[in-house]
1. Is it the case that segment 29-36 has a residue that's more than 19 Å from TRP155 (Cα to Cα) and modelled with pLDDT of 85 or more?
2. Just checking, does segment 138-145 include any residue being modelled with pLDDT under 95, closer than 21 Å to TYR29 by Cβ and among the charged types (D, E, K, R)?
3. How many of the residues in segment 39-84 are in contact (Cβ under 8 Å) with a residue 24 or more places away in the chain and not in a strand (DSSP E or B)?
4. Condition first: part of a strand (DSSP E or B) and touching a residue at least 60 places away in the same chain (Cβ under 8 Å). Now tell me which residues in segment 107-137 satisfy that.
5. Scan segment 108-124 and tell me whether some residue there is touching a helix residue (DSSP H, G or I) at 6+ places or on another chain (Cβ under 8 Å), surrounded by 15 or more Cβ atoms within 10 Å (Cβ to Cβ) and over 16 Å from ARG146 (Cβ atoms).
6. Might you let me know whether segment 130-137 holds any residue that is among the small types (Gly, Ala, Ser) and either within 22 Å of SER39 (Cβ to Cβ) or in contact with a Leu (Cβ under 8 Å, 6 or more places away or on another chain) (or both)?
7. Considering segment 138-157 alone, what residues qualify as being part of a loop (DSSP other than H, G, I, E, B) and among the small types (Gly, Ala, Ser)?
8. Hey, can you tell me all the residues within segment 94-142 that are hydroxyl-bearing (Ser, Thr, Tyr) and in contact with a His (Cβ under 9 Å, 6 or more places away or on another chain)?
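The values are calculated or read from the model by the stated rules, or taken from the named source; none is laboratory data. All figures in this text were calculated on a predicted structure; none of them were measured in a lab. Quick reminder, even Gly has a Cβ in these numbers, built from the backbone with ideal geometry, and neighbours come from all protein chains shown.
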Amino acid sequence: MRIRLIFVVVLLSVLFFAFASSAAAQSTYQKGVLFGLSSDPGQFFLGGHIDLKELTNKISFRPGVEVGAGDGLFLTSLNGEAVYYPKGKEHDWLPYAGGGPALVGQLFHGGHGDSKVGGGFNFTGGIQERKGLFVEIKIGAWDSPRFKAGIGWTWTR
């Protein structure tokens, strides 16, 4: 069961980024990396995203993946978030807010529970410096971690 769960999560991650990269190949986009802490479950997490630029005037599609470990659990989340930048891209610091669905894989350590794949939803918000530094929080529903706080860096391709 655990091998199948890991295989499904890795396969979905590869497919997710393959489709996102092919969609982004037609224009300039930003990549980002992120690390931080989550609660419920209490974990350290690492992640990455691709900002595929504007869907509409100030809304961007930003798919990403996050991997967390701790609290007897290994968690992988594939996120499909839309992010709104209310002030435009001309300021040094840009606030943003958004959200979207998530596919969450949970693998428990040491037989403390059943591993599973489930759905979640994330509400996200943060502030990003034009040069790349950003700070972000997420509030999750269903199988997503309830709260995440992280810091990261973006760069343009």
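1. No; the residues of segment 29-36 include none that is more than 19 Å from TRP155 (Cα to Cα) and modelled with pLDDT of 85 or more.
2. No, because not a single residue in segment 138-145 is modelled with pLDDT under 95, closer than 21 Å to TYR29 by Cβ and among the charged types (D, E, K, R).
3. Number of matching residues: 9.
4. LEU107, LYS116, VAL117, PHE134, GLU136, listed by residue number.
5. Yes, the conditions are met somewhere in segment 108-124.
6. Within segment 130-137 (the criterion being among the small types (Gly, Ala, Ser) and either within 22 Å of SER39 (Cβ to Cβ) or in contact with a Leu (Cβ under 8 Å, 6 or more places away or on another chain) (or both)), the answer is no, since none of the residues qualifies.
7. The answer is SER144, and nothing else.
8. Residues satisfying the conditions do not exist here.
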